[in-house]
Amino acid sequence: MKNRIRELRQQHHMTQDELSKLVGVSRQSIIAIENGKYNPSLKLAIRIAKQFNCPVEYVFYEERS
C-alpha cells in the first residue's frame, strides 16, 4: 500500500512530530507509515485523512501494475 502522507504534510507545512501528536501516535509510527514499513489500522488511517481533509482512499492507495 502506498500513501501520500509526506506530500500532504509538506503541503500543510506540518512536521512528522506535529502530525503524530494530532493523530495520537509516535513520530516513529508516522515515519514507518510514510516509508511503507507499516500499514496503519483503519481507525488511524481515518484520523490521518481527517487531518488533511481528504478521503482515506486519496491518502492511502494501491499502486497499479
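Read the figures in this text as sums done on the coordinates, not as results from a lab. Quick caveat, the model's predicted, so the values are computed rather than measured. When we count neighbours, we look across all protein chains shown, and the Cβ atoms used for this are built from the backbone with ideal geometry, even at glycine.
Let me check against my output: what whole-number percent is the relative contact order of the chain, with C-alpha pairs under 8 Å and at least 6 apart?
Once normalised by length, the contact order is 45 percent.
What nm distance separates the two modelled labels at E62 and S41, each placed 7 Å from Cα along Cα→Cβ?
Each label point lies 7 Å from its Cα, and together they span 2.4 nm.
Once the Cβ-Cβ distance between Q11 and A32 is put in as r, and R0 is 25 Å, what FRET efficiency do you end up with, to the nearest 0.05? Don't skip to the end; give the middle numbers.
Working: r = 21 Å, r/R0 = 0.84.
Once rounded, the FRET efficiency stands at 0.75.
Assuming 0.36 nm per residue, please report the length gained on full extension of the stretch K50 to L22 beyond their Cα-Cα distance. Could the numbers behind the result be given before it?
Numbers: separation 28, 0.36 × 28 = 10.08 nm, distance 1.03 nm.
Value of the extension gain: 9.1 nm.
Of all the stretches in the chain, which is the longest one without any exposed loop site, taking trypsin sites (Lys or Arg not before Pro) in a DSSP loop (any state but H, G, I, E, B) with at most 10 other Cβ atoms within 10 Å?
Details: sites that count: K37, R64.
Excluding the exposed sites themselves, the longest stretch runs over 1-36.
What do you get for GluC sites (Glu not before Pro) in the chain restricted to DSSP loop and a cutoff of at most 16 other Cβ within 10 Å of the site's Cβ?
Within the chain, the qualifying GluC sites (Glu not before Pro) (loop, at most 16 other Cβ atoms within 10 Å) are E62, E63.
What translational diffusion coefficient, to the nearest whole µm²/s, does the chain have by Stokes-Einstein, given a Kirkwood radius computed over alpha-carbon pairs, a temperature of 4 °C and 1.567 mPa s viscosity? Don't skip to the answer; put the middle values down first.
Values: Rh = 11.6 Å.
Estimated via Stokes-Einstein, D reaches 111 µm²/s.
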